[in-house]
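Asks: Mind having a look at this structure? Questions to follow.
Derivation of every value follows stated rules applied to the coordinates shown; laboratory data play no part. Predicted model, so just to flag it, every value in this text is computed and none were measured. Ideal geometry is used to build each Cβ from the backbone, glycine not excepted, and the neighbour counts take in all protein chains shown.
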Amino acid sequence: MLVGVCDFPGSYTFPPTGYGGIERWLWAVATGARAAGADVHLLGPAWRQDLGPEWHRDPIRLEDTTPGSPAARRLRSTGYDLLVVGHEYPSLPAWRRTRAELDCDVATFQHNPDFQHATDAFDGVRTRLYCYSPEMLARYTRHRPVRELAVHLGLHESEPPSIPGRDLAWVGRIDEQKAPHLAARAAQILGRRIRLVGPVFDPAYVERHGKLLTAEHVEWAGELGGPDKTAAFRDAAVFVYTHARSYVEAGAAVFGESLRAGTPVAALTWREGTCAEAALCDRTGTTAVLPPEEDDEAAAQALAVAIERTGALDHVEVQAIGLRRFDPRRHFEALATRPC
């Protein structure tokens, strides 16, 4: 099978070394495709140039290619079986015009809970949309979505054997939607230290919760990538997941990253059917589901209970499950398989 993995204009490289959800997903797909024996072409100019000679890079983008042009004919003659792309592109007219000449399958993963697709973007067979959770499946039901857990990888992030770990970790972008202040308060209730890892996206949010987020038990690590990011998960006793009441998590990289490192997850959510429910089981984590009417203090108290329960889980078993459930090869093979 010949697979083209497409980049897109953005602020992160492909693959990124730190934050960058869709970019990390595309790299995981490319890695999984090669592990499955597929030939892989990295399409687009944003792919890193230091990936090594084993990676075939082509700077062409479909949306910048005129149908019928020599470049378009070259793409068609290459004979792609599958294109994997960011979720916007099957609804982008310029991209679709070129792809129509290629006569190949298309697979994408929905990483945005609010993006509106063209009515005919997906047929569920040759053009396929994948969604993480029951919640996301319901939001995109008209597009015949397929349920699948996303796998995300960064450069140089292979996981060493798990260790029991100590303290707590929270990883993500620091803003109102991700709500790390709830994790900080839960850690405070338990008298435990917590490490916040990620870029600040919303300084005003940090200022509003400054007293809690800058308390003695909170360590700020900033944005980490590569082995440092893997270590942030592996070195923790429990990974703590939070989000705001109204926020819908579409493609949650952190669950797979934590479980693959062997660290169980204590999650706080505000309804059933979220990514936490899709990613976790009773051997890999604990999810506290609260009505959104509950205040932040009640939420932190419930999260603290979940953290305590999660701490008893076996890190070795967590890693074994995580490496199976979030395996790049398995993920690619799911994306490359047409529904029966």
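Asks: Rounded, prolate or oblate for segment 35-81? Axes are the square roots of the Cα gyration tensor eigenvalues, ordered a ≥ b ≥ c, and the cut-off for rounded is a/c under 1.5.
Replies: Oblate.
Asks: Let me ask something else. Using the Cβ atoms and a cut-off under 11 Å, what net charge is assigned to the surroundings of residue 37, where Lys and Arg are +1 and Asp and Glu are -1?
Replies: Cβ neighbours under 11 Å give a net charge of 0.
Asks: Can I ask one more? Please sort 17-23, 168-174 by packing, taking for each peptide the average over its residues of neighbouring beta carbons within 10 angstrom, highest first.
Replies: Working: 17-23: 21.4, 168-174: 24.7.
Ranked by mean Cβ neighbours within 10 Å, highest first: 168-174, 17-23.
Asks: Would you mind working out the magnitude of the charge dipole of the chain relative to its Cα centre, with +1 at each Lys and Arg C-beta and -1 at each Asp and Glu C-beta, to the nearest 20 Debye? Before the final figure, lay out each step's value.
Replies: Values: 38 positive and 45 negative charges, 148 e Å.
The dipole of the chain has a size of about 720 debye.
Asks: So if we plug the beta-carbon distance of residue 118 and residue 71 into 1/(1 + (r/R0)^6) with R0 = 41 Å, what FRET efficiency do we get, rounded to 0.05?
Replies: Using R0 = 41 Å, I get an efficiency of 0.95.
Asks: Per DSSP H run of at least 4 residues, take -39500 (n - 2.57); add these up for the chain, divide by its residues and hand me the 222 nm value, nearest 500 deg cm²/dmol.
Replies: Taking each H run of at least 4 residues, the total per residue is -9500 deg cm²/dmol.
Asks: Put +1 on the Cβ of each Lys and Arg and -1 on the Cβ of each Asp and Glu in the chain; which of 290, 141, 78 then has its Cα farthest toward the positive end of the dipole?
Replies: Value computed over the given set: 78.
Asks: Further question: Report, to one decimal in Å, the Kirkwood hydrodynamic radius for the chain based on all distinct Cα pairs.
Replies: 20.6 Å
Asks: Give the peptides 153-162, 205-214, 276-285 in descending order of average Cβ contacts within 10 Å, highest first.
Replies: Put in order of decreasing packing, that is 276-285, 153-162, 205-214.
Asks: Which helices, counted as full DSSP H runs in the chain, have an axial Cα extent of no less than 18 Å and a Kyte-Doolittle average of -1.0 or above?
Replies: Those that clear 18 Å and a mean of -1.0 are 21-35, 296-310.
Asks: From the Cα gyration tensor of segment 2-155, with a ≥ b ≥ c the square roots of its eigenvalues, which class applies: rounded if a/c is under 1.5, or else prolate if a/b is larger than b/c, or else oblate? Please report the intermediate quantities before stating the final value.
Replies: On the way: a/c = 1.63, a/b = 1.13, b/c = 1.44.
Oblate.
Asks: Amide H of residue 270 versus every other amide H placed in the peptide plane: which residues, excluding those fewer than 5 positions away on the same chain, fall under 5 Å?
Replies: 290
Asks: Another question about this same structure. Just order 307-316, 38-47, 291-300 by mean Cβ neighbour count inside 10 Å, highest at the front, would you? Provide the component values of the computation, followed by the final result.
Replies: Details: 307-316: 17.7, 38-47: 20.2, 291-300: 13.3.
Final packing ranking: 38-47, 307-316, 291-300.
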